[in-house]
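Q: Mind looking over this structure? Questions follow.
The values are calculated or read from the model by the stated rules, or taken from the named source; none is laboratory data. Given the structure is predicted, the values throughout are model-derived calculations rather than measurements.
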Amino acid sequence: MDENKKTMLLYIGIIILAITCFYLLFSIYHDDHDSGTVQQIERDISGAEQHQQSAIDRLGKLSDDIGTTASEVGGISDSVGGSAAEIGSTAERIGADQARIATSARLIAEGQGIIRDIQESNQQKNKPTKD
């Protein structure tokens, strides 16, 4: 046989032997520690259940907090809506007041024009005439 083939067969034999030894050691260790492994698994499951319940409790509290926050946001939204309505009403009153002011200013200007006309008319009447 070729030297390379012998070396390859030797390596394959060593690998098979190592795998067999590992398997045997693992099964012996596994058989000796079965009861400990089951107890460990039960402890792990119990711990996971406790963590899960704790997470559920926290989620319930968060849900309650979100409900409270949503209620508060609704109240704020209602307040903002009321304020917007009041601002709209105030703007309408300001517009009406501005229209009344413009009308008053026009009437005052007309009144002043009438008074000027009357004063001029009186001055014309009171002027001595040259005859």
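Q: Can you tell me which residue among ILE41, ILE45, ILE28, ILE16 is of a type in the set (A, V, I, L, M), modelled with pLDDT of 85 or more and assigned to a helix (DSSP H, G or I)?
A: So the residue among ILE41, ILE45, ILE28, ILE16 that is of a type in the set (A, V, I, L, M), modelled with pLDDT of 85 or more and assigned to a helix (DSSP H, G or I) is ILE16.
Q: So if I check each of ILE114, ILE87, which one is aliphatic (A, V, I, L, M) and over 48 Å from the mean Cα position of the chain (by Cα)?
A: ILE114
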